[in-house]
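The values are calculated or read from the model by the stated rules, or taken from the named source; none is laboratory data. Since the structure is predicted, the reported quantities are computational estimates derived from the model, not experimental observations. Cβ atoms come from the backbone with ideal geometry, glycine included; neighbour counts cover every protein chain shown. SASA here: full protein model, heavy atoms, side chains in, ligands and nucleic acids out. Shrake-Rupley method; radii C 1.70, N 1.55, O 1.52, S 1.80 Å.
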Amino acid sequence: MDQPLFRLLAALSLACAATPVAAEEAPLIDGGKLLLTNGVATIEGTSGGGLATWSTIAGRATDRGIGLSGHITLIELPDYGWQSRGVAIGIANRIELSYARQNFDTREVGTALGLGRGYVLNQDIFAAKLRLAGDTVYGNALLPQISVGVEHKRNRDAPVARAVGAAHGSGTDITLSATKLLLSHSVLVNATARLTKANQTGLLGFGTASDDTHRLQFEGSVAYQLSRRAVIGAEFRSKPDNLAIAREDDWWDLFAAYALTDHLTVTAAYVDLGSIATFDQQRGGFLSAQIAF
Amino acid sequence: MFLLAAALLMQPAAEPPVDWDKEFGVEEKVRDPATGELPVDPYVQSNRNAGATPFAGTAMATAFGGQDGIRRIAHRTVELSEADPRIAEIFKAHDMVRLKRTLFEQFCHILNAGCDYSGRDMASSHKDMGVRMRDLNALVENLQAAMREEGIGFAAQNRFLGKLAPMSGDVVTR
Ligand code: HEM
């Protein structure tokens, strides 16, 4: 049996035995992300920590799947009711595309501003985010996951925005985020730089006639992981202060998020949104539900 | 009748079964009678193969219940993974007797519980396995379950995972 043909066959059979034994073929909606590493939806529909956008990619897919998520968020403030609803798709844990609709109920303030009681300001936000480098959990412990994002915002009440002094009814933010879970401390840290013209995220339009430039703002989040399912944290978000008639403050919040199931995460927060449209001390409760696959 | 007899006559005589492994010169691996492990190709042994610098001090070893606790966690992680439909196929094709020993040694060494690691480095032990990110997450979940069953606090679990997470680049190959 010392024939070349048989040697070749033997070599081939060995080569076959050594090829990778693939695990179960993964479904397209692979749901393979570790719990909570997709973040929770922000009021702008991107994935992050509630108020601040992170570099995470929405949905539970890993690098060869597609992930989906949807959210509804209610913010109850002394003088306003704010709602955000949206959907996001994550592609190969690389690209995130999201859409969110914000409805901002002015309640009694609507009367004071001459808009009519309970006038609701609306805004659509179309966003895309691209993961450039790194991984939130794995790889070099000092290299965060870094993503760049664009958020195109279209205020649906542009005449109101212009009436309060905004230059435009729509605008585009650019974000650059870095996120890392420091496993040795169970702490997740995020830092985001945002270039924006938006007044109150765009609900009061973009820029002003006298100052129509993008401003650099900062968003920071720190979160402590209590368990696989529970995390508590704090966020800060600086904001521009463009409008002459109404001061705009920086935001901060304290939040707790819990993954009730692998697909449903609820987030509750205490938020301080400062002064909005001349009504100060808008501090209140934030409640959000996110489903993700 | 004649045709049937002819057909029967034309049947080839029964031959003894061919040992194809022998014909093709495939060496059959035999488990070591003492350890129950299959032999592996020679490699240089070193604690560096464990892929992480061990924790300083004894706090982590204690938090993990010493060598006994660590052994249970390593073995349980392998057992859960063998039974996990997401990744069972990858484990089936390999020597789980050896993996239970070497994975224990690696965990024990990194947790500074008094072991040397005698296995291969992470890149060569996983190079032909086709491990994906999804598979790594599945294994991490199984390790978390094993640690949870042993009652390891979550912060200590994460500290340990923090030593393993940077190895992902050597393990995930596609
Ligand atoms: C950072 C994560 C990982 C660590 C620290 C790790 C650790 C180890 C160690 C110490 C060995 C023993 C090497 C030897 O005996 O010489 C090993 C082998 C093995 N690992 Fe992993 N592993 C990891 C990820 C994975 C993943 C994600 C899978 C599959 C889903 C996997 C499947 C295996 C298999 C099947 C073997 C046996 C290899 C053989 O006997 O040839 N490992 N791993």
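Which of the numbered conditions does B:His94 fail, given that it passes all the others? Conditions: (1) in a loop (DSSP other than H, G, I, E, B); (2) closer than 30 Å to A:Pro27 by Cα; (3) away from the ligand (no atom under 13 Å from the Cβ).
The one condition B:His94 does not meet is (3).
Is it the case that region A:106-117 has a residue that's modelled with pLDDT of 95 or more, open to solvent by less than 20 Å² (accessible area, probe 1.4 Å), among the polar types (S, T, N, Q) and outside any strand (DSSP E or B)?
Checked region A:106-117: at least one residue is modelled with pLDDT of 95 or more, open to solvent by less than 20 Å² (accessible area, probe 1.4 Å), among the polar types (S, T, N, Q) and outside any strand (DSSP E or B).
Being open to solvent by 20 Å² or more (accessible area, probe 1.4 Å) and within 14 Å of chain B (Cβ to nearest Cβ) is the filter here, so list the residues in region A:140-176 that pass it.
Once the filter is applied, which keeps residues that are open to solvent by 20 Å² or more (accessible area, probe 1.4 Å) and within 14 Å of chain B (Cβ to nearest Cβ), region A:140-176 yields A:Asn140, A:Ala141, A:Leu142, A:Leu143, A:Pro144.
Based on what the data block shows, is A:Leu181 assigned to a strand (DSSP E or B) and within 14 Å of chain B (Cβ to nearest Cβ)? Outline the logic, then answer.
Values: assigned to a strand (DSSP E or B): yes; within 14 Å of chain B (Cβ to nearest Cβ): yes.
Yes, satisfied.
Scan region B:161-174 residue by residue and report those that are within 10 Å of chain A (Cβ to nearest Cβ) and either touching a residue at least 40 places away in the same chain (Cβ under 8 Å) or more than 16 Å from A:Asp135 (Cα to Cα) (or both). Spell out how you get there, then give the answer.
Of all residues in region B:161-174, those within 10 Å of chain A (Cβ to nearest Cβ) come to B:161-169, B:171-174.
B:Lys163, B:Leu164, B:Pro166, B:Met167, B:Val171, B:Val172, B:Thr173, B:Arg174 - these are the residues of region B:161-174 that are within 10 Å of chain A (Cβ to nearest Cβ) and either touching a residue at least 40 places away in the same chain (Cβ under 8 Å) or more than 16 Å from A:Asp135 (Cα to Cα) (or both).
Of B:Ile152, B:Ile110, which residue is more than 9 Å from the ligand (Cβ to nearest atom), β-branched (Val, Ile, Thr) and in contact (Cβ under 8 Å) with a residue 40 or more places away in the chain? If you could, list the steps in order and put the result at the bottom.
On the way: B:Ile110 fails: more than 9 Å from the ligand (Cβ to nearest atom).
On inspection, the qualifying residue turns out to be B:Ile152.
Per-residue answers, yes or no, for (1) part of a strand (DSSP E or B); (2) more than 30 Å from B:Arg148 (Cβ to Cβ); (3) among the polar types (S, T, N, Q); (4) more than 15 Å from the chain's Cα centre (by Cα):
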position	(1), (2), (3), (4)
A:Thr213	no, yes, yes, yes
A:Glu219	yes, yes, no, no
A:Ser227	no, no, yes, yes
A:Ile232	yes, no, no, yes
A:Leu243	no, yes, no, yes
A:Glu248	no, yes, no, yes
A:Ala256	yes, no, no, yes
A:Thr265	yes, no, yes, no
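How many residues are over 19 Å from B:Ala165 (Cβ atoms) and either within 9 Å of the ligand (Cβ to nearest atom) or buried (at least 16 other Cβ atoms within 10 Å of the Cβ) (or both) if we restrict to region B:97-107?
Qualifying residue count, region B:97-107: 7.
Yes or no: B:Glu141 open to solvent by 30 Å² or more (accessible area, probe 1.4 Å), away from the ligand (no atom under 11 Å from the Cβ) and over 14 Å from the mean Cα position of the chain (by Cα)?
Working: open to solvent by 30 Å² or more (accessible area, probe 1.4 Å): yes; away from the ligand (no atom under 11 Å from the Cβ): no; over 14 Å from the mean Cα position of the chain (by Cα): yes.
No: the conditions fail for B:Glu141.
Can you name the condition, by its number, that B:Glu79 falls short on among (1) more than 22 Å from B:Phe55 (Cβ to Cβ); (2) near the ligand (Cβ under 8 Å from one of its atoms); (3) assigned to a helix (DSSP H, G or I)?
(2)
Take the residues in region B:22-46 that are assigned to a loop (DSSP other than H, G, I, E, B) and away from the ligand (no atom under 15 Å from the Cβ); name whichever of them is most open to solvent (accessible area, probe 1.4 Å). Give the steps one after another, and end with the answer.
The initial filter retains those residues of region B:22-46 that are assigned to a loop (DSSP other than H, G, I, E, B), namely B:24-46.
Next, only the ones that are away from the ligand (no atom under 15 Å from the Cβ) stay: B:24-28, B:30, B:33-34.
Values: B:Phe24: 59, B:Gly25: 62, B:Val26: 47, B:Glu27: 162, B:Glu28: 138, B:Val30: 107, B:Pro33: 132, B:Ala34: 94 Å².
The selected residue is B:Glu27.
Looking at (1) modelled with pLDDT under 90; (2) under 30 Å from A:Asp280 (Cα atoms); (3) among the acidic types (Asp, Glu), which is the only condition A:Asp79 fails?
(1)
Give the residue, chosen from B:Asn158, B:Asn137, that is assigned to a helix (DSSP H, G or I), at the interface with chain A (Cβ under 7 Å from one of its Cβ atoms) and within 23 Å of A:Arg64 (Cβ to Cβ). Spell out the reasoning first.
Values: B:Asn158 fails: within 23 Å of A:Arg64 (Cβ to Cβ).
Step by step, each of B:Asn158, B:Asn137 is checked, and only B:Asn137 is assigned to a helix (DSSP H, G or I), at the interface with chain A (Cβ under 7 Å from one of its Cβ atoms) and within 23 Å of A:Arg64 (Cβ to Cβ).
Considering only residues that are surrounded by 24 or more Cβ atoms within 10 Å (Cβ to Cβ) and among the charged types (D, E, K, R), look in region A:44-76 and name the one that is farthest from A:Leu97 (Cα to Cα).
Filtering first and then ranking leaves A:Arg60.
Within region B:47-95, take every residue that is on the phi > 0 side of the Ramachandran plot, open to solvent by 30 Å² or more (accessible area, probe 1.4 Å) and over 17 Å from the mean Cα position of the chain (by Cα) and give me the one that is nearest to the other protein chains (Cβ to nearest Cβ).
In this case the residue turns out to be B:Gly57.
Considering only region B:116-127, I want to know if a residue exists there that is over 20 Å from B:Thr53 (Cβ atoms), outside any helix (DSSP H, G or I), within 14 Å of chain A (Cβ to nearest Cβ) and open to solvent by 20 Å² or more (accessible area, probe 1.4 Å).
yes
Does A:Arg131 satisfy the criteria of being basic (Lys, Arg), surrounded by fewer than 19 Cβ atoms within 10 Å (Cβ to Cβ) and modelled with pLDDT of 95 or more? Talk me through it step by step, then tell me what you get.
On the way: basic (Lys, Arg): yes; surrounded by fewer than 19 Cβ atoms within 10 Å (Cβ to Cβ): no; modelled with pLDDT of 95 or more: yes.
In short, no.
Does region A:120-134 contain at least one residue that is of a type in the set (Gly, Ala, Ser) and farther than 30 Å from B:Ala165 by Cβ?
Initially, region A:120-134 is screened for residues of a type in the set (Gly, Ala, Ser), giving A:127-128, A:133-134.
Those still in the list that are farther than 30 Å from B:Ala165 by Cβ too: none.
No, region A:120-134 has no match at all.
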